[in-house]
Amino acid sequence: HGSQLGDLFYGIEEADGDNIVWMSHGDKVTKLPENWVNIACTENSPHAAVAGPEGAHIYGLQFHPEVTHSRRGKDLLKNFCVEICSAPTDWKMNDIASEFIKEVRETVGPNGHVIGAVSGGVDSSVAAVLLNKAIGSRFHAIMVDNGCLRLNESAGVLTRLKEKEGIDLHLVDASDRFLQALKGVTEPERKRKIIGNMFIEIFQEEADRIKEFVPAGDSVDYLLQGTLYPDVIESISYKGPSATIKTHHNVGGLPDTMHLKLIEPLRELFKDEVRELGIALGLDPVSVWRHPFPGPGLAIRILGEVTHERCETLRLADDIMIQEIRKAGVYNEIAQAFAVLLDCKSVGVMGDGRTYENVVAIRCVTSKDFMTADWYHMDYKTLGIMSNRIINEVKGVNRVCYDISSKPPATIEWE
């Protein structure tokens, strides 16, 4: 199954040092069905890959070929899709974009309006541009300031999407509502669900507001969300037995009290495909290559209780970190970068006095699909500048750490 063109492992040598794969955790096949054969193994998995009866072209893998950690996984998938299944390779992202636009128009109809949840991240930005191209002024984008945004985030998003892209974007400042609802809450899943439910409440209010001025005979029936396939995989079992890792506020449907239907054109795309789609749609490079930012925002980057003061502390530290990776010219080498405010304090010395203040962790990772990730090997000089600036410029912080955990076993976000 690797000696000739058309074999699953064609071109992937047995002794190749790059034959490292991401195995499915905790599972092992011990006995094969009749007429099935073993075609790959590891030291502790005797049937890492198996093939069905001759001529059936049915295969089973114990590992994940689609993730970055499986170094020759893309070659294996190409062998299966192109050589074995004869899938054509002449598709272009421009064609996919046109198909998405056609599907949106058919779904919404000639008199339907869509409300769009926009955060300013690449996912929601691409989804917003897609809807704007599909239905124009019948798309109403809403950005909710939940009090947990990055420094100057809402102003930047308004400039990029409303002024430059011509999207009908309305900003709702609900920061006090969110922070009041999060008061005293420390458990990560509760934070996510509180924020998710409040987003839904606000979108329902906005839907009611928009219904008042749409033309007679038109309807406001849909809510756009920039859900991606990794969000779905981590949140619910979707097209397979994957376990729930964490709840994403934009996955799992809408409550019965909300009279809107979801429209999620990016639901089965990975992050790199979304960026390709953004380029095909003509989205500006700053938006296309922007690092992901979670819907709950800084609330899941603040360990423990979320308060206005703690948000301000993290906002300033996070902004310094982003400034320095841009100055170092490595922003686009990093898939995601952010600061985390820990739920602990440490002893320090500043001037002639003892301090007992906050700890900030810096998290920078490389990844193509966000299903797996490795920590970014940051230049020591850049790290030193970051640390010095954060401690000197952000009141209440006396220690900075760098997170060197990979995914798995850690997730990219801390909560």
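When we screen Ser70, Ser86 for residues that are surrounded by fewer than 17 Cβ atoms within 10 Å (Cβ to Cβ) and either within 30 Å of Phe213 (Cα to Cα) or among the small types (Gly, Ala, Ser) (or both), the only hit is Ser86. Being more than 17 Å from Tyr402 (Cα to Cα), free of Cβ contacts under 8 Å to residues at least 24 places away in the same chain and either open to solvent by 40 Å² or more (accessible area, probe 1.4 Å) or touching a strand residue (DSSP E or B) at 6+ places or on another chain (Cβ under 9 Å) (or both): is that true of Arg310 here? No, not satisfied. In the set (1) part of a loop (DSSP other than H, G, I, E, B); (2) open to solvent by less than 10 Å² (accessible area, probe 1.4 Å); (3) more than 30 Å from Ile279 (Cα to Cα), the condition left unmet by Phe213 is number (2). Scanning the range 317-342 for residues that are open to solvent by 30 Å² or more (accessible area, probe 1.4 Å) and more than 20 Å from Asn392 (Cα to Cα) gives Gly329, Asn332, Glu333. Of all residues in the range 177-210, those satisfying the criterion of being part of a helix (DSSP H, G or I), among the basic types (Lys, Arg) and open to solvent by 30 Å² or more (accessible area, probe 1.4 Å) are Arg177, Arg190, Lys193, Arg209.
Open to solvent by 10 Å² or more (accessible area, probe 1.4 Å) and touching a helix residue (DSSP H, G or I) at 6+ places or on another chain (Cβ under 7 Å): does that describe Glu165? Spelling it out, Glu165 is indeed open to solvent by 10 Å² or more (accessible area, probe 1.4 Å) and touching a helix residue (DSSP H, G or I) at 6+ places or on another chain (Cβ under 7 Å).
Remark: His25 falls outside the filter, which requires a residue to be within 28 Å of Glu268 (Cα to Cα), in a loop (DSSP other than H, G, I, E, B), at pLDDT 85 or above and open to solvent by 60 Å² or more (accessible area, probe 1.4 Å). Of all residues in the range 331-347, which are over 15 Å from Ala317 (Cβ atoms) and touching a Lys or Arg at 6+ places or on another chain (Cβ under 7 Å)? The one that is over 15 Å from Ala317 (Cβ atoms) and touching a Lys or Arg at 6+ places or on another chain (Cβ under 7 Å): Val347. For the structure I just gave you, tell me whether Leu61 is closer than 19 Å to Pro408 by Cβ, open to solvent by 40 Å² or more (accessible area, probe 1.4 Å) and either at pLDDT 90 or above or in contact with a helix residue (DSSP H, G or I) (Cβ under 6 Å, 6 or more places away or on another chain) (or both). Yes.
Against the conditions (1) modelled with pLDDT under 90; (2) over 22 Å from Gly11 (Cβ atoms); (3) out of contact with any Leu (no Cβ under 9 Å at 6 or more places or on another chain), Leu32 satisfies every one except (1).
Condition check ((1) in contact with a Ser or Thr (Cβ under 6 Å, 6 or more places away or on another chain); (2) modelled with pLDDT of 95 or more; (3) small (Gly, Ala, Ser)) across all residues:
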residue	(1), (2), (3)
Trp91	no, no, no
Lys102	no, no, no
Thr107	no, no, no
Gly121	no, no, yes
Ser125	yes, no, yes
Ser137	no, no, yes
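Residues in the range 356-381 that are open to solvent by 20 Å² or more (accessible area, probe 1.4 Å) and over 30 Å from His64 (Cβ atoms): Tyr356, Glu357, Asn358, Asp379, Tyr380, Lys381.
The values are calculated or read from the model by the stated rules, or taken from the named source; none is laboratory data. Predicted model only: the values in this text are computed from it and were never measured. Positions of Cβ are generated from backbone atoms using ideal geometry, with glycine treated the same way; all protein chains shown enter the neighbour counts. Keep in mind that these areas ignore ligands, DNA and RNA; they rest on the heavy atoms of the full protein, side chains included. Shrake-Rupley method; radii C 1.70, N 1.55, O 1.52, S 1.80 Å.
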